[in-house]
Amino acid sequence: SAPLQQLVRTLERSGLLQRIALAPLDEAGVVALVQTMAGAEAGGASGRLFAQRLARSTGGNPFFLFESIRHLFDSGELQLDASGAWSTRYDDTTADYEELPLPPSVQEVVIERVERLGAPARRVLEAAALTDAGFTLGEVQPATALSDFESVDGLERAVQAQLLLRDAADGAYRFAHELVRQALDTQLGSERRRLIHLKLAQSLQALQAPAARIAHHYE
């Protein structure tokens, strides 16, 4: 937003703000992170090979790394054994875990997770992806074409999957990560996008939301 951008510029001019460019984790960093998450059992050779496979697949992007691990658990490829350690069906035979099926992009892994939540959750998330700020269910429901109970179910599933978070301060919902919103945004077709924006504008108008928010969707 413009006020925040102005604040950042003011702080920079005053020497009170420092920008830090975040680089991807290197392979050693990914190995260390996965070993910490998986516990001591990941410290062996197979654990290092598994972490190295994730490092190659994700390019060291922490968000993509976590989403890939979620994907592997959700699909059953990664499991907890009796001792609580991570295991896959390739542990005893693999040379480099290249057999492990991993999505080629962040967008694909996010969309696969959304698909597993069911149609109501996807519709709520698609409508939310085009909002310009935190949102309430009442604001986005008209853009989902869902009933009250269906939209509540979809919202709850998205929250349980940690794709959406609720702000304790104002009660609004927001995406847990901007990359989740972007993944949903980029896969929307032009006609669906236009319809969702129209419904969001009409919903916000009925709720007497700030004019700028309404105008954004009409535009």
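The values are calculated or read from the model by the stated rules, or taken from the named source; none is laboratory data. Please read all numbers here as calculations on a predicted model, not as lab measurements. With ideal geometry, Cβ positions are generated from the backbone for all residues, glycine too; neighbour counts draw on all protein chains shown. We work out accessible area using only protein heavy atoms, side chains counted, and drop any ligands, DNA or RNA first. Shrake-Rupley method; radii C 1.70, N 1.55, O 1.52, S 1.80 Å.
Using alpha-carbon pairs under 8 Å, 6+ residues apart, how would you state the relative contact order of the range 63-128 in percent? Please report the intermediate quantities before stating the final value.
On the way: 34 pairs, mean separation 18.4, N = 66.
It comes to 28 percent, rounded to a whole number.
What do you reckon, how do Asp185, Asp132, Asp148 stack up by accessible area (1.4 Å probe), largest on top?
Numbers: Asp185 30, Asp132 70, Asp148 100 Å².
Per-residue accessible area, sorted high to low, gives Asp148, Asp132, Asp185.
Across the range 1-123, how large is the tail of the calculated P(r) beyond 17 Å, expressed as a percent of all Cα pairs?
Beyond 17 Å sits 64 percent of the P(r) for the range 1-123.
Rounded to the nearest 0.05, what FRET efficiency is calculated for Glu112 and Gln205 with R0 set to 41 Å and r the Cβ-Cβ distance? Walk me through the intermediate numbers first.
Numbers: r = 35 Å, r/R0 = 0.85.
Taking R0 as 41 Å, the efficiency between Glu112 and Gln205 is 0.70.
Stretch Val152-Ala119 to full length: gain in nm at 0.36 nm per residue minus the Cα-Cα span? The partial results should precede the final answer.
Numbers: separation 33, 0.36 × 33 = 11.88 nm, distance 1.23 nm.
Taking 0.36 nm per residue and subtracting the Cα distance, the gain is 10.6 nm.
Using Cα centres only, tell me the gap between the range 1-69 and the range 161-219 in whole Å.
Cα centroid of the range 1-69 versus Cα centroid of the range 161-219: 27 Å apart.
I want to verify the translational diffusion coefficient of the range 1-66 in µm²/s; compute it with Stokes-Einstein, Rh as the Kirkwood radius over Cα pairs, at 4 °C and 1.567 mPa s. Let's see the in-between values first.
Working: Rh = 14.1 Å.
Answer from the Stokes-Einstein relation: 92 µm²/s.
Suppose each label sits 7 Å from its Cα in the direction of the beta carbon; what would the Glu98-Asp132 distance come out to in nanometres?
4.9
Remind me, relative contact order of the chain in percent, using alpha carbon pairs under 8 angstrom and six or more residues apart? Please list the in-between numbers first.
Values: 228 pairs, mean separation 30.7, N = 219.
Taking the mean separation of contacting Cα pairs over the length of the chain, I get 14 percent.
Given a Förster radius of 30 Å and the C-beta distance between Leu17 and Ala215 as r, what FRET efficiency does 1/(1 + (r/R0)^6) yield to the nearest 0.05?
0.45
Give me the orientation-averaged projected area of the Cα convex hull of the chain, in nm², one decimal.
Numbers: hull surface 62.3 nm².
Dividing the Cα hull surface by four gives the mean projection, 15.6 nm².
Quickly estimate the mean residue ellipticity at 222 nm for the chain, helices only: each DSSP H run with n ≥ 4 gives -39500 (n - 2.57), and the total goes over all residues, rounded to 500. Each step should come with its number before you reach the end.
On the way: 11 runs with 125 residues, N = 219.
Result for the chain: -17500 deg cm²/dmol, rounded to the nearest 500.
From the convex hull of the Cα coordinates of the range 147-219, what is the mean projected area in square nanometres?
It is 6.0 nm².
Starting from 0.36 nm per residue, how many nanometres of slack lie between Ala32 and Leu80 once their C-alpha separation is accounted for? Provide the component values of the computation, followed by the final result.
Values: separation 48, 0.36 × 48 = 17.28 nm, distance 1.90 nm.
Here the segment from Ala32 to Leu80 would lengthen by 15.4 nm.
Hey, if we sort Leu179, Leu207, Leu200 by accessible area with the 1.4 Å probe, largest down, what's the order?
Values: Leu179 50, Leu207 100, Leu200 5 Å².
So, going from the largest accessible area down, we get Leu207, Leu179, Leu200.
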